[in-house]
1. Tally the DSSP beta bridges in the chain and give the antiparallel ones as a percent, rounded to 5.
2. Sort the following peptides by mean Cβ neighbour count (other Cβ atoms within 10 Å, averaged over residues), highest first: 163-170, 210-217.
3. Quick check: at a probe of 1.4 Å, how many percent of the accessible area of the stretch 77-220 sits on carbon and sulfur atoms?
4. Taking 27 Å as the cut-off for C-alpha to C-alpha distance, list the pairs among Lys22/Lys226; Lys81/Lys147; Lys22/Lys53; Lys60/Lys226; Lys147/Lys222; Lys201/Lys226 that go past it.
5. Nearest 0.05, what FRET efficiency do Arg244 and Gln177 give at R0 = 22 Å with Cβ-Cβ as r?
6. For the chain, which longest stretch is free of loop sites, where a loop site is one of the trypsin sites (Lys or Arg not before Pro) that DSSP puts outside H, G, I, E and B and that has at most 13 other Cβ atoms within 10 Å?
7. Build a GNM of the chain with springs between Cα atoms under 10 Å: which of Ala130, Ala152, Ala63 gets the top mean-square fluctuation?
8. Could you work out the per residue convex hull volume over the alpha carbons of the chain, in cubic angstrom?
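The values are calculated or read from the model by the stated rules, or taken from the named source; none is laboratory data. Small disclaimer: the values here were computed from a predicted structure and weren't measured. Heads up, the Cβs are rebuilt from the backbone with ideal geometry, glycines too, and the neighbour counts pull from every protein chain shown. Accessible surface areas use protein heavy atoms only, side chains included; no ligands, DNA or RNA. Shrake-Rupley method; radii C 1.70, N 1.55, O 1.52, S 1.80 Å.
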Amino acid sequence: MPVLVVADTEIPYEIGRSQRAKRMRITVRPGSVDVIAPRFTPNRQIVAFAESKRRWIYEKTEALRERELVVTPPRFLSGSKVLFRGRFLRLWVQEAQGVDRHSRRAKKRSSASSLRFASAFHVTLERGLASAQRETLTRDLVMDWLKRRALADARVWARQYGSELGVSPARIRIGNQRTLWGSCSARGVISLNWRLIAAPKPVFEYVVVHELCHLIERNHGKRFWKLVGSMLPDYPERRTWLQRHGVALS
């Protein structure tokens with residue numbers, strides 16, 4: 001599958017041919033970009049056409065993504081669900097027994113508020129908080145846990161595949177990128193979007209391997225994808241999942 005690269009964003013697209021087509025056209029839908037050409041149009045001409053329209057394609061895909069992101073923000077209330085590794089898990093919130101926010105024991109938030117994970121997210125909060133405070137504190141605890149889990153997972157894969165590739169990132173950073181799932185700087189720092197922890201593990205694993213391969217091949221040429229394929233032969237399926245469902249990870 002050919003890929004356009006615009007502003008460090010990869011935009012894969014499909015090439016199609018039609019007997020009815022009189023000229024080349026581009027169709028941009030949520031999760032897919034199709035370049036349709038007359039039946040006997042040479043491949044190189046189609047690719048050149050897509051490249052000439054890459055800025056327009058980028059703007060259209062971003063506009064669609066922004067439109068889909070305008071959804072009801074998740075609530076962090078007891079009984080709500082949190083997306084973790086491709087599964088929705090329950091969030092349970094309760095008050096700590098015998099601890100009030102005005103007491104001495106509640107001076108340090110960490111001593112009265114905590115999160116425990118055991119097939120669900122169990123949050124314990126100090127007593128006496130207003131409902132808005134409870135939700136904000138619950139969100140902070142869950143988000144912090146997810147980010148730490150994302151970093152731990154990424155480090156495991158970086159060690160495993162880095163050893164096979166003979167590379168090691170200078171650092172792995174978990175961030176809140178707006179449009180990127182991952183990036184690799186010239187200094188060897190790999191930055192990953194914390195929302196990847198919501199995706200199935202194979203998808204997150206693919207993004208880590210993708211960025212590790214950039215420590216060897218800086219572009220997205222044939223050698224790069226061959227390298228990714230040598231680590232993950234089924235990477236096209238993982239990448240397609242992210243393209244189609246990534247918007248839901250927010």
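1. On the way: 20 of 36 bridges.
Of those bridges, close to 55 percent are antiparallel.
2. 210-217, 163-170
3. On the way: 3570 of 7760 Å².
Percent of accessible area from carbon and sulfur atoms in the stretch 77-220: 46.
4. Correct reply: Lys22/Lys226; Lys60/Lys226; Lys147/Lys222.
5. 0.70
6. Of all site-free stretches, the longest is 109-177.
7. Sorting by GNM fluctuation, first place goes to Ala130.
8. Values: hull volume 37.6 nm³, N = 250.
Roughly 150 Å³ of hull volume per residue.
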